[in-house]
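Here's the structure we're looking at; comments come further down.
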Amino acid sequence: MVKRAILSYSGGLDTSVCIPMLKEDYGFDEVITVSVDVGQPEHEVKAAEEKAKKISDKHFTVDAKEEFVNDYIFPLIKANGDYEGYVMGTSIARPLIAKKVVGIAEKEGGAAFAHGCTGKGNDQLRFETIFRGAGLPVIAPMRERNLTREWEIEYAKRHNIPVAATKDKPWSVDENLWSRSIEGGRLEDPNFIPPEEIYEWTVSPEKAPDKPTLIDIGFENGVPVSLDGKKMSGYDLIKKLNQIGGENGVGRSDLVEDRVLGLKARENYEHPAATILLKAHKDLEQLVLTRAELKFKAGVDAQWSELAYQGLVDEPLYADLNAFIDKTQERVTGTVKVKLYKGSLTIVARESLFALYSEDLVSFDSQTIDQKDAEGYCKYHGFQARMYQKLKKK
């Protein structure tokens, strides 16, 4: 009986060297590679496919772009997905990729799953929570053999595997429709200033246009549906905003984050569309949700983001949180005007039929509300604190 390993394949250094290793060191007869298209550049998807066909026994490319937008990115927008102050892109895509790999394994009769994740990062957890649920063993050569990228580069050369990474530029890049992450090499030093060459989606703020760009984002039930009044699919809208935001230098993050394992890691990201949509969505929520809803939802959003960051999308609590979030989004419909200028993003206007806002009531020039009514409220406001201060003086 043929012993097959089903490898989640990106086309990069780690997953490429896994192919011969799974045969030479783990005794598999065949390695089936699976690439999942979640919005990577088309040429990268093609390149991964062509490379896999040369060095693996069978390859599948799964188009999951629309599913990624509708079932993963849209819920993230509704939940204002944010982990330690940055946009989540890699984390939200991993469970979907893993699920597609499981689907191929079921069709092809895989004996084990394999991935190219290290034992130091988060992705091993995100993949394996899905893989292990499918009941097959998991092989992780990078983790099990404690490999370094320098060793992998030399191994790839010996096996005639073409890879883009070099000892001088060992960047590890992960890209999907929502974000682009860059790490590795000297970027691991938090005191090292990243070279401009690592960025592809965004121009430096200094090179951005001297004139601001104004755009209108339309939302329906918490989901972005239009740009400047034109209805667009989620995929096309995000692609367009990546372009517009990137041209204006919007959407770069350089930070130290806490991985699930407890290690601090320096990470660099590009995410123009995500930056725009998340800020616009949160602003619209501020207009239409009550103070109590906003306060409670902030805690829900934080818990949702924690689960999403860890890849725990099959945790029952994740579905519970989404149910609450979806209920709040029934009124998050309206338009937000955004100004982009040299790396900055400013919300300059917003409107909604569900706005809990009355210009008449809030205006200093209106007498609709009798201001004298507030006096009684003021007498009780801080009442206990005043009593405490009096006791202190005795």
_Formal net charge of residues neighbouring Pro209 (Cβ-Cβ distance under 15 Å; K, R +1; D, E -1)_ = +1
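With charges only on Cβ, +1 for K and R and -1 for D and E, what is the dipole size of the stretch 1-115 about its Cα centre, in debye, rounded to 20?
The dipole magnitude comes to about 200 debye.
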*Debye intensity ratio I(q)/I(0), log10, the stretch 260-394, q values 0.13, 0.19, 0.21 Å⁻¹ (C-alpha model)*: -0.88, -1.19, -1.30
*Excluding Phe219 itself, what net charge comes from residues whose Cβ is under 15 Å from its Cβ, given Lys and Arg +1 and Asp and Glu -1?*
0
*Running Debye on the stretch 1-123 with equal point scatterers at the Cα sites and no solvent, what base-10 log of I(q)/I(0) appears at q = 0.13, 0.15, 0.17, 0.21 Å⁻¹?*
-0.55, -0.71, -0.88, -1.21
*Rank Ser8, Gln286, Thr213 by how far each Cα sits towards the positive end of the charge dipole of the chain (+1 on Lys, Arg Cβ; -1 on Asp, Glu Cβ) and give me just the farthest.*
Gln286
*asked:* Along the charge dipole of the chain, pointing to its positive end and built from +1/-1 on Cβ of Lys, Arg, Asp and Glu, which listed residue (Ile325, Ala385, Pro272) has its Cα farthest out?
replied: Ala385
_Can you compute the helix-only [θ] at 222 nm over the chain? Use -39500 (n - 2.57) per DSSP H run of at least 4 residues, normalise by all residues, nearest 500 deg cm²/dmol._
-12500 deg cm²/dmol
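Peptides 314-322, 356-364, 99-107, 216-224: what's the order by average Cβ count within 10 Å, highest mean first?
Descending packing order for the listed peptides: 216-224, 99-107, 314-322, 356-364.
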*Intensity falloff of the stretch 326-371 expressed as log10 I(q)/I(0), Debye formula with alpha-carbon point scatterers, at q = 0.21, 0.23, 0.24, 0.26 Å⁻¹*: -0.85, -0.87, -0.89, -0.92
*Determine the distance separating the Cα centre of the stretch 1-56 from the Cα centre of the stretch 141-159; give it in Å without decimals.*
15 Å
*When ligands, DNA and RNA are left out and all protein chains stay put, how many square angstrom of accessible area per residue does the stretch 190-342 have with a 1.4 Å probe?*
47 Å²
*asked:* Tell me which of Gln40, Ile161, Gly251 sits at the most positive position along the dipole axis of the chain, charges placed on C-beta atoms (Lys, Arg +1; Asp, Glu -1).
replied: Gly251
*Stretch gain in nm, segment Gln303-Met387, where the contour uses 0.36 nm per residue and the Cα spacing is subtracted*: 26.5 nm
*Enter the accessible area of Lys392 (Å², nearest 10), with the probe set to 1.4 Å and all protein chains included.*
120 Å²
_Folded to 0 to 90 degrees: helix 316-328 orientation relative to the chain principal axis, Cα_ = 40 degrees
*Take the alpha-carbon centre of the stretch 234-263, take the same for the stretch 274-300, and report the distance between them in whole Å.*
19 Å
*Considering the Cα trace of the stretch 107-261, what is its radius of gyration and what is Dmax, both in angstroms?*
20.1, 58
_Quotient of C-alpha Rg and 2.2 N^0.38 Å, computed over the chain_ = 1.17
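On average, how much accessible surface per residue is there in the stretch 25-133, in Å², for a 1.4 Å probe, leaving out ligands, DNA and RNA? All intermediate terms of the calculation are to be shown ahead of the outcome.
Numbers: 4190 Å² over 109 residues.
Solvent-accessible surface per residue comes out at 38 Å².
What full-extension length gain, to one decimal in nm, is calculated for Lys231 and Phe354 as 0.36 nm per residue of separation minus the Cα-Cα distance?
Values: separation 123, 0.36 × 123 = 44.28 nm, distance 2.03 nm.
Gain in length upon complete extension: 42.3 nm.
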*On the accessible surface of the chain, probed at 1.4 Å, how many percent belong to carbon and sulfur atoms?*
52 percent
*Could the peptides 225-236, 60-71 be put in order, highest first, of the mean number of other beta-carbon atoms found within 10 Å of their residues?*
60-71, 225-236
*If you place +1 on the Cβ of every Lys and Arg and -1 on the Cβ of every Asp and Glu, how big does the dipole about the Cα centre of the stretch 140-205 come out, in debye to the nearest 20?*
300 debye
*Give, as a single signed number, the net charge of other residues whose beta carbon lies under 12 Å from the beta carbon of Glu188, with Lys and Arg counted +1 and Asp and Glu -1.*
+2
*Rounded to the nearest 10 degrees, what's the angle between the helix 42-55 long axis and the longest principal axis of the chain, both from Cα atoms, 0 to 90?*
30 degrees
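The values are calculated or read from the model by the stated rules, or taken from the named source; none is laboratory data. Just so it is clear, the model here is predicted, and its values are computed rather than measured. All Cβ positions, glycine included, derive from the backbone under ideal geometry; neighbour counts span all protein chains shown. Ligands, DNA and RNA are stripped out before the accessible areas are found, and what is left, the full protein with its side chains, is counted by its heavy atoms. Shrake-Rupley method; radii C 1.70, N 1.55, O 1.52, S 1.80 Å.
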